[in-house]
Structure formats: C-alpha cells, structure tokens
1. I'd like the residue in the range 8-25 that is assigned to a helix (DSSP H, G or I) and of a type in the set (D, E, K, R) and, out of all such residues, is modelled with the highest pLDDT.
2. Which one is farthest from Leu191 (Cα to Cα), of the residues in the range 35-50 that are polar (S, T, N, Q) and surrounded by fewer than 16 Cβ atoms within 10 Å (Cβ to Cβ)?
3. Taking Thr28, is it in a helix (DSSP H, G or I), free of Cβ contacts under 8 Å to residues at least 40 places away in the same chain, closer than 29 Å to Lys18 by Cα and open to solvent by less than 40 Å² (accessible area, probe 1.4 Å)?
4. When only residues in the range 32-69 that are of a type in the set (S, T, N, Q) and in a helix (DSSP H, G or I) count, which is modelled with the lowest pLDDT?
5. Hey, could you check the range 78-125 for residues that are at pLDDT 85 or above and of a type in the set (Val, Ile, Thr) and say which is surrounded by the most Cβ atoms within 10 Å (Cβ to Cβ)?
6. Tell me whether the range 74-81 contains one or more residues that are under 14 Å from Met189 (Cβ atoms), out of contact with any helix residue (DSSP H, G or I) (no Cβ under 9 Å at 6 or more places or on another chain), without any contact (Cβ under 8 Å) to a residue 12 or more places away in the chain and assigned to a helix (DSSP H, G or I).
7. So, in the range 54-66, of the ones that are over 21 Å from the mean Cα position of the chain (by Cα) and without any contact (Cβ under 8 Å) to a residue 40 or more places away in the chain, which residue ends up surrounded by the fewest Cβ atoms within 10 Å (Cβ to Cβ)?
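The values are calculated or read from the model by the stated rules, or taken from the named source; none is laboratory data. In this text, all values refer to a predicted model and were calculated from it rather than measured experimentally. Don't worry about glycine lacking a Cβ; one is built from the backbone with ideal geometry, like all the others, and counts go over all protein chains shown. SASA here: full protein model, heavy atoms, side chains in, ligands and nucleic acids out. Shrake-Rupley method; radii C 1.70, N 1.55, O 1.52, S 1.80 Å.
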Amino acid sequence: MEYIKDKPQKTKKDFSPKDAVFVFTSFTFICVATIFVLIVNDVFTIQNFLSFNQPFRLVMSVVLASFSLLLFGVILTLFIPSKYIDETNNSYQDYSVLGIVAFMFIGALFEEILFRGIIQNLLLVFIESQWTAIIITTLLFLGIHTQYFKKPIMLINITVPSLIFGWIYFETNNILVPFLVHFLLNLGMTLLFKYNVISIKK
C-alpha cells in the first residue's frame with residue numbers, strides 16, 4: 001500500500017535545465033536552417049537579420065531596453081502577490097548560475113529567432129504593417145506560454161516585453177538586439193531572485 005501511495009510522486013518528472021537546453025538547441029538549429037532557406041529563396045535578405053549600419057544605436061537599444069524591462073519586471077514583482085505568480089518562475093533560481101545562463105541564453109535565442117526572425121518577418125511580407133506584425137507575433141508568443149493562462153496577470157509580464165522585442169527588432173534590423181535584451185531580462189530577473197535582491201510579495 002505504501003508503494004502505491006508513493007508512486008504518483010515518483011512518476012512526476014522535475015524540470016531539468018540540461019534537457020531544456022538540448023531541446024531548445026535542436027529547435028534553434030531548425031529555425032536557423034529555415035531562415036537560410038528563406039534567404040536563399042529571396043523571401044528575406046541578410047539585412048533583415050544582421051544589419052550593423054548604426055552600431056551605436058544597436059548598443060543603446062540593448063542597454064535602454066534591458067534596463068527599462070528589468071525595472072518593469074521588478075515593479076511588477078513588488079506589486080503582484082505570490083498567489084498570482086506562476087510556480088515555474090519561482091524554480092529557475094534554484095539551479096547553478098551556469099545552468100541558469102545556459103538555459104536563459106538558448107531559450108531567448110530560440111524564441112527570438114522563431115518569433116521575431118521568422119514569424120514577424122513573414123507576417124510583414126504579407127501584411128506590410130509593422131505594428132500589425134508585432135501584435136500578431138506577440139499574440140502567438142503568448143499562445144506558447146500556456147502555463148500562464150491559469151494566472152492571466154502573468155500575461156502582462158510577457159506581453160510588454162514581447163511588444164518591445166518586436167519594436168526594437170524592426171528599428172534595428174538586427175536579431176541580436178531583441179535576443180540580447182530578452183536574454184539579459186530573463187537572466188537579470190532570475191539572478192535578482194536567486195540572490196534575494198528582490199522577492200515575491202506574499
């Protein structure tokens with residue numbers, strides 16, 4: 001009888017950053033291959049992805065957007081009670097710094113290449129309206145975060161950053177900009193929690 005009671009606990013698999021990194025890396029390679037095919041077939045140009053025409057603007061976009069979104073995240077954390085926070089957001093900080101960096105890096109890279117690099121660019125080809133493409137991409141971005149649907153206030157936490165990612169990508173034509181902002185935002189918030197610089201409101 002004791003074995004039967006313990007069985008459900010053993011069948012539950014914990015989140016593993018290593019497994020997540022492997023999965024995200026695999027999907028990232030697929031996305032990069034897709035972009036290569038689209039460039040070869042003249043759907044996109046390399047300038048859509050890696051324009052370095054205004055290096056100072058690129059750097060300032062990363063710095064200002066990262067700082068602003070980190071501040072936004074901190075403010076939300078201070079005002080949103082813990083019961084409205086998704087549980088997965090409380091677990092990342094328990095892992096090693098190296099594991100956190102690797103997971104945040106490849107996760108942000110995959111999401112930006114897929115959503116801004118492929119989806120947002122393809123929408124612009126057919127719609128020819130930047131903000132319409134950004135908004136639709138953001139809605140799709142929200143759609144993959146199904147864990148937040150049970151706690152809808154968490155959707156604010158990804159809606160605003162997603163809109164910013166889309167906007168700065170169109171402004172810079174460099175996928176590295178939204179990727180770095182996305183990575184620095186996720187990493188910064190996680191480390192702030194990990195080292196108790198901020199904590200979730202009770």
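1. Per the criteria, the residue is Asp19.
2. Selected residue: Asn41.
3. Spelling it out, it is not the case that Thr28 is in a helix (DSSP H, G or I), free of Cβ contacts under 8 Å to residues at least 40 places away in the same chain, closer than 29 Å to Lys18 by Cα and open to solvent by less than 40 Å² (accessible area, probe 1.4 Å).
4. Going through the qualifying residues, I end up with Asn48.
5. Ile113
6. So far as the range 74-81 goes, yes, one or more of its residues are under 14 Å from Met189 (Cβ atoms), out of contact with any helix residue (DSSP H, G or I) (no Cβ under 9 Å at 6 or more places or on another chain), without any contact (Cβ under 8 Å) to a residue 12 or more places away in the chain and assigned to a helix (DSSP H, G or I).
7. Phe56
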